[in-house]
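J.: Pasting a structure below so you can have a look.
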Amino acid sequence: MAQQTATAYTAPTTPATPARASERAHGHPSYVKIWGILLALLAASIAGPFFGIMWLTLVTAFGIAVVKAVMVAAYFMHLNIEKPLVRYMLLAIAALVLVLWAGIYPDVQKSEGQNWRQAERVVRPAGDAHAKPAGEAGRH
C-alpha cells in the first residue's frame, strides 16, 4: 500500500490591491492635502498686498498663480500620469503664448506714437444712454 502524504492547501499571497484599477496604475494623491496646500497659497497671495511692497506683491502673486496652476493641472487633471507627449504639447502652447505676449507687449505699453491716441472718457448724464465722449460734444 502506497503511503500518501497530505499537504495543506495554501492560498497564493498577493499584496493588498487598491479598490480601483486607476489607483493601481498610479499612486492615489491625497486630494485633501493638495486642497490644503492650495488654500495656504491662496491665503499667501491675499496677504501679499498688505505688506505694501508692489514688486514683491506682483512677483509672489504671479509665482503663486503659476504654482497653483501647475498643481491643479498635475493632480486634479491627472497630467502627472499622462504620456510625455501631452507635456510636450503643453510646453509648446506655453512657448507660443510667450511669443505672442512678447510680440504684443511693446505696442500695448506705448504711450505715444503716430497712430496712438488716448482713450476718451465717456461722460454720460444720468438718463442719457447715448451720450458722446467728452471731446466729441461739439463735433458733427
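Readers should treat all values here as calculations from the given coordinates under stated rules, not as data from a laboratory. Only a predicted model underlies this, so the values are computations on that prediction, with no experimental measurement involved. Here the Cβ is made from the backbone with ideal geometry for all residues, glycine too, and neighbour counts use every protein chain on show.
J.: Take the alpha-carbon positions of the range 27-77, form their convex hull, and give its projected area averaged over all directions (one quarter of the hull surface) in nm².
T.: Averaged projected area of the range 27-77's Cα convex hull equals 3.4 nm².
J.: Also: What are the ³J(HN,Hα) values, in whole Hz, obtained from phi via the Karplus relation 6.51 cos²θ - 1.76 cosθ + 1.60 with θ = phi - 60°, for each residue of the range 53-66 in sequence order, with x given for Gly and Pro?
T.: Computed from phi, the couplings for the range 53-66 are 9, 4, 5, 5, 5, 5, 5, 5, 5, 6, x, 5, 4, 5 Hz.
J.: Under a crude label model (7 Å from the Cα following the beta-carbon direction), how far is ALA95 from ALA44 in nanometres?
T.: 2.9
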